[in-house]
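*Asks:* Below is one structure. I have some questions about it.
The values are calculated or read from the model by the stated rules, or taken from the named source; none is laboratory data. Only a predicted model underlies this, so the values are computations on that prediction, with no experimental measurement involved. Virtual Cβ from ideal backbone geometry, glycine too; neighbours counted across all protein chains shown. Note: accessible area is taken over every heavy atom of the protein model, side chains too, but ligands, DNA and RNA are not part of it. Shrake-Rupley method; radii C 1.70, N 1.55, O 1.52, S 1.80 Å.
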Amino acid sequence: MIDCQRFGDDFFDAISGWARVNKIPLNTTFELTPFCNFSCVMCYIRLNKETAKKQGEMLTAEQWLQIARQAKDAGTLHLTLTGGEPLAHPDFWEIYAELNKMGFLIYLLSNGSLIDEQAMDKFRLYGMPHMVKLTVYGASDETYQRVCGSADGFTRVSRAIDLLKAAGVPVKLTSTIVKENACDLQQIYAFAREKGLSMQHTISVHKSSRGSLNTAETSRFEFADFPEEITLEALEKSKFPNQQSPFAWCASRGKNLVVTWHGHFQLCTMLSEPYVQYSGDFLSDFHKLDNLLDEIKSPEECQGCEWKEFCQRCPGILCSESGHPEKTDKAFCLMAKRLQDLYIRKKEETQL
Amino acid sequence: MYKIKDGFIVRKIGNQFMAVPVGGRTSEIHGIIALSESGVLLWSALENGAEEQALADILTENYDVERSVAEKDVKAFLDGLQKQGVLQ
Ligand code: SF4
Ligand code: SF4
């Protein structure tokens, strides 16, 4: 039997397992720019010009393409383009056109606002993305104004969805729910249903160790903020068993790589320390990073911590919250404490 | 004569071969097409255009396989490609 079939999930699971064991960067993300045409309150990447300048130089289009060619040789199949807003990069189309000739499955992570008729013409010319993942920040232009500082963001994302769907591009919707858009939660799901798309939301929002001035601490919800909705069973399930290694729960280790706008090789967008500055040799930089990640230890405080079962820590989250994967952050730790308090209270209530 | 449309790149990741659509072809073909090692041989021949018999020759020359089985395999392979919309 000679295969000539479209791949299903089984194949992707198999190749993903193989990549992890063999340390192959199967999934590479290009964070093309730290800039964005929106200014979302929860964003942990967006920078202003001055801060970006202090952090480094943006990679040029030619550098991105060199990295891409080396990534392909190293085994990258899934290539995610993100930012900031990737389409806001001044050389986006130049980079995109070339990437689309190389044989990647390209995933575009966007706020959708710049996907208009002209952009669709360019996609038709250079090639369609394999998938577009759009973040929906609300269900009206008013909410977009409040969350993203954009007066017509909702209208634009709605248009983007229609255009992409008409062109047959698979679209996935996600949403991050914070205090500023929580009132729209039901309507966001209704909007997705109306468009015939699936939607997944998260309340997971983290501080930024990357110089972005977000309002995570005041904007975000904690699970403990929903004492009525969250059941004892759900709390039992969300317990984190004792972790042998800091990366015990990390699905990205060994096969994922993020290349930032200034050429930092990182495991993920949140784990900005340790990183390796791109040297011109993709595979050797990827392996150097992997060796550095091997050295990361859990913070000492976590050893005897009485809240650790309810702490959703990993090196990336710790890095975002405290600035370093081996350090804790008081406000973050208190979230685990509050969850544990809620668990104890619920348990006592059921025993009464 | 069978011929594969242009706009594909054959890649090997691990021990898995695949044809990935590139450029404008991505508007038409979504995702990638898995190829076995023998599938890659047939694919390469089909890039320049080939008859069914010539494809069966490739299989019998490269593998220890009966002619009748090779012909059946070629038919199934071409049928698969046709269904995927890959042939011209
Ligand atoms: S956020 Fe944590 S679990 Fe996710 S990829 Fe980064 S280190 Fe791994
Ligand atoms: S709550 Fe703080 S100290 Fe406790 S396990 Fe989590 S990060 Fe470590």
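*Asks:* Could you tell me how many of the residues in the range A:333-352 are in contact (Cβ under 8 Å) with a residue 60 or more places away in the chain and near ligand 2 (Cβ under 9 Å from one of its atoms)?
*Replies:* The total comes to 1.
*Asks:* Does A:Lys288 fit the bill of being touching a strand residue (DSSP E or B) at 6+ places or on another chain (Cβ under 8 Å) and within 14 Å of ligand 1 (Cβ to nearest atom)?
*Replies:* Against the criterion (touching a strand residue (DSSP E or B) at 6+ places or on another chain (Cβ under 8 Å) and within 14 Å of ligand 1 (Cβ to nearest atom)), A:Lys288 does not qualify.
*Asks:* Related question: Pick from A:Thr155, A:Thr215, A:Thr231: which is within 19 Å of the chain's Cα centre (by Cα), open to solvent by 30 Å² or more (accessible area, probe 1.4 Å), away from ligand 2 (no atom under 16 Å from the Cβ) and of a type outside the set (Gly, Ala, Ser)?
*Replies:* A:Thr215
*Asks:* Now, a different point. Being surrounded by 21 or more Cβ atoms within 10 Å (Cβ to Cβ), in contact with a strand residue (DSSP E or B) (Cβ under 8 Å, 6 or more places away or on another chain) and not in a helix (DSSP H, G or I) is the requirement here; does A:Leu47 meet it?
*Replies:* no
*Asks:* Same structure, new question: Restricting to the range A:50-103, what's the tally of residues that are within 11 Å of chain B (Cβ to nearest Cβ) and in a loop (DSSP other than H, G, I, E, B)?
*Replies:* Total satisfying the criteria: 7.
*Asks:* Name the one entry in A:Tyr137, A:Tyr144 that is buried (at least 17 other Cβ atoms within 10 Å of the Cβ), part of a helix (DSSP H, G or I) and modelled with pLDDT of 95 or more.
*Replies:* When all the criteria are applied, what remains is A:Tyr144.
*Asks:* Only one of (1) touching a strand residue (DSSP E or B) at 6+ places or on another chain (Cβ under 9 Å); (2) touching a residue at least 24 places away in the same chain (Cβ under 8 Å) fails for A:Gly196. Which number is that?
*Replies:* A:Gly196 satisfies every listed condition except (1).
*Asks:* Same structure, new question: Would you confirm, using the coordinates I've provided, whether A:Thr260 is away from chain B (no Cβ under 14 Å) and either within 15 Å of ligand 2 (Cβ to nearest atom) or buried (at least 21 other Cβ atoms within 10 Å of the Cβ) (or both)?
*Replies:* Yes, satisfied.
*Asks:* Given the residues A:Cys302, A:Cys268, A:Cys319, A:Cys311, which is the only one that is of a type in the set (A, V, I, L, M, F, W, C) and more than 14 Å from ligand 1 (Cβ to nearest atom)?
*Replies:* A:Cys302
*Asks:* Find the helices (runs of 4 or more DSSP H) located wholly in the range A:269-326 whose residues include 3 or more that are open to solvent by 70 Å² or more (accessible area, probe 1.4 Å) and away from ligand 2 (no atom under 16 Å from the Cβ), and list them.
*Replies:* A:282-294
*Asks:* Related question: Taking the condition open to solvent by 60 Å² or more (accessible area, probe 1.4 Å), assigned to a loop (DSSP other than H, G, I, E, B), more than 14 Å from ligand 1 (Cβ to nearest atom) and farther than 24 Å from A:Leu32 by Cα, does A:Lys347 pass?
*Replies:* Taking the combined requirement at face value, the residue does not satisfy it.
*Asks:* For the range B:19-58, what are the residues that are more than 7 Å from chain A (Cβ to nearest Cβ) and either among the acidic types (Asp, Glu) or assigned to a strand (DSSP E or B) (or both)?
*Replies:* Within the range B:19-58, B:Ala19, B:Pro21, B:Glu28, B:Glu37, B:Glu47, B:Ala50, B:Glu51, B:Glu52, B:Asp57 meet the criteria.
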